[in-house]
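The values are calculated or read from the model by the stated rules, or taken from the named source; none is laboratory data. Keep in mind that this is a model prediction, so the values were computed, not measured. Cβ atoms come from the backbone with ideal geometry, glycine included; neighbour counts cover every protein chain shown. These accessible areas exclude ligands, DNA and RNA; they are computed on the full protein's heavy atoms, side chains included. Shrake-Rupley method; radii C 1.70, N 1.55, O 1.52, S 1.80 Å.
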Amino acid sequence: EFRRVLFRSSIGFKNKFTMRINYELPFGKSASGLRKHAIAGWQANAIAFWQSGEPITITDGQNLINLPNVSSDRPNWIPGQACAASGQSLTNFLNLNAWQQQPIGNPGAEGRGQCLGPQWRGLDFSVFKDFAVTEKYRLNFRVEAYNVTNTTNFALPGTAISTWTVKDQPQGDRKSIV
């Protein structure tokens, strides 16, 4: 089946945005003497980035295809189900009802890189100035702040479904991911 073979690259981010800004602050250009030396020539830099999640592949953690040197298979993906859980959170990232265990001897229909991990974003900021010490030497004063927005970027979630159990609950199948 071609759908199983055609896949996203493991570094194939769907969207990626990076921006770098360098701005010379307009303070003190008309000042003179010590005041000009102190307040003129400052620069501000900002680096911002945002990217969609990294492609991830769900595995079932078992060798149901029964081939040598295969430690886990891909489960069957249920068409129409989204990979992401509704009301996504740190402990509820993937929709576990989107997959079912494949029959023994069947490779499963989960495509490689079918789901996306968490997105990454951040903003770094710096202010700096070069002070002339002598004609040959300069002193660089720099203040830098990383992750100014205090954004937490999480690693990829576990992708191996380790147990397949069915309970009589309205939520349906219960699966756990390790």
- Query: Which residue, of ASN97, ASN45, is in contact with a strand residue (DSSP E or B) (Cβ under 8 Å, 6 or more places away or on another chain), at pLDDT 85 or above and under 30 Å from ALA132 (Cα atoms)?
  - Reply: ASN45
- Message: Among the residues that make up the stretch 64-78, is at least one of them within 30 Å of LEU96 (Cα to Cα), of a type outside the set (D, E, K, R), open to solvent by 50 Å² or more (accessible area, probe 1.4 Å) and in contact (Cβ under 8 Å) with a residue 60 or more places away in the chain?
- Response: no
- Message: Between a residue in the stretch 27-43 that is on the phi < 0 side of the Ramachandran plot and part of a loop (DSSP other than H, G, I, E, B) and any residue that is aliphatic (A, V, I, L, M) and surrounded by 14 or more Cβ atoms within 10 Å (Cβ to Cβ), which pairs come within a Cβ distance under 7 Å, given they are 6 or more apart or on different chains?
- Response: PHE27/ILE39; PHE27/ALA40; LYS29/ALA40; ALA31/ILE39; ALA31/ALA40; TRP42/LEU25; TRP42/VAL127
- Query: Do we have any residue at all in the stretch 128-141 that's closer than 30 Å to ILE11 by Cβ and not hydroxyl-bearing (Ser, Thr, Tyr)?
  - Reply: no
- Hits in the stretch 123-157 - residues which are more than 27 Å from HIS37 (Cα to Cα) and in contact with a Phe, Trp or Tyr (Cβ under 9 Å, 6 or more places away or on another chain): LEU123, TYR146, VAL148, THR151, ASN153, PHE154, PRO157
